[in-house]
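See structure below.
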Amino acid sequence: MTARRKQAAHRPAAARKAAPAPKKTKPRARKIGAVKPAAVLVPPAAPYTLNEDRPGTLATLVERGRYGRMILARVRPNIDLVAGVERVCASHGITYAVVRSAVGSLVDAALGYGEGDSLTLITVEGPGIEILTLNGEVRPDETGKPVATLRGTISDSDASVYGGEFVRGGNPICITLEIALQEWLPDLQSSPVAS
């Protein structure tokens, strides 16, 4: 043991210099008012009705179809999470899909939750934000282009956990994203069943 270490070991704890604590940055949450999120819950049009037996449920839509191909893909760094999933689907000719599983990290994150005037956006600064869970679906827009609606939970470097819908353009991939998507082939001949 060196002389310097011996002296430090014999000093009272209060006299020893403590390493400065790392500066913590808190996630910012802000109301975003009437801004439309990527997916908006809209009360269903006829023939769908409010479901009186289950309070809080607007309607249950049962879509007939079957599962198709399973796609395992890797999305590279600095590509937005939502746009990357849409790109994977477009490159494989998939317009409907379900997110089965994913693992990866983000540089920064932007999650939204709530509706209408109570819509709130949480931004979490990285780097090194881990994706804990990821689920959602891909459906075509009016032009037939795949559009992803993704929800999930993330954890920052302090192990704080946040959840919500991933906001398009606010979630760049850090190291990688590996995702399992399963194609959904809806039966377009039969009409959806509402309960």
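The values are calculated or read from the model by the stated rules, or taken from the named source; none is laboratory data. Note that the coordinates shown come from a computational prediction; the quantities given were computed from them, not determined experimentally. No Cβ is skipped: glycine too gets one built from the backbone with ideal geometry, and neighbour counts run over all protein chains shown.
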Original post:
Does A180 count as small (G, A, S) and modelled with pLDDT of 90 or more?
Top reply: yes
Original post:
Looking at the stretch 105-130, which of its residues are polar (S, T, N, Q) and at pLDDT 85 or above?
Top reply: S105, T120, T123
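Condition first: polar (S, T, N, Q), over 24 Å from L188 (Cβ atoms) and in a strand (DSSP E or B). Can you find one or more residues in the stretch 141-152 that meet it? Even if it seems obvious, please write down each step before you answer.
Initially, the stretch 141-152 is screened for residues polar (S, T, N, Q), giving 143, 149.
Next, only the ones that are over 24 Å from L188 (Cβ atoms) stay: none.
Within the stretch 141-152, not a single residue is polar (S, T, N, Q), over 24 Å from L188 (Cβ atoms) and in a strand (DSSP E or B).
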Original post:
For the subset of the stretch 133-164 comprising residues that are loosely packed, with under 14 Cβ neighbours inside 10 Å and hydrophobic (A, V, I, L, M, F, W, C), which member is farthest from E86 (Cα to Cα)?
Top reply: A159
Original post:
If the Cβ limit is 6 Å and pairs must be 6+ apart or interchain, which residue in the stretch 73-84 that is under 12 Å from V107 (Cα atoms) pairs with which residue that is among the aromatic types (F, W, Y) and surrounded by 15 or more Cβ atoms within 10 Å (Cβ to Cβ)?
Top reply: L81/F166
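Going by the structure shown, is V107 in contact with a Pro (Cβ under 6 Å, 6 or more places away or on another chain), within 19 Å of R74 (Cβ to Cβ) and not polar (S, T, N, Q)? Can you show your working first?
Details: in contact with a Pro (Cβ under 6 Å, 6 or more places away or on another chain): yes; within 19 Å of R74 (Cβ to Cβ): yes; not polar (S, T, N, Q): yes.
It is true that V107 is in contact with a Pro (Cβ under 6 Å, 6 or more places away or on another chain), within 19 Å of R74 (Cβ to Cβ) and not polar (S, T, N, Q).
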**OP:** Could you please give the count of residues in the stretch 88-136 that are touching a helix residue (DSSP H, G or I) at 6+ places or on another chain (Cβ under 9 Å) and either of a type outside the set (A, V, I, L, M, F, W, C) or within 15 Å of V167 (Cα to Cα) (or both)?
**Re:** 8
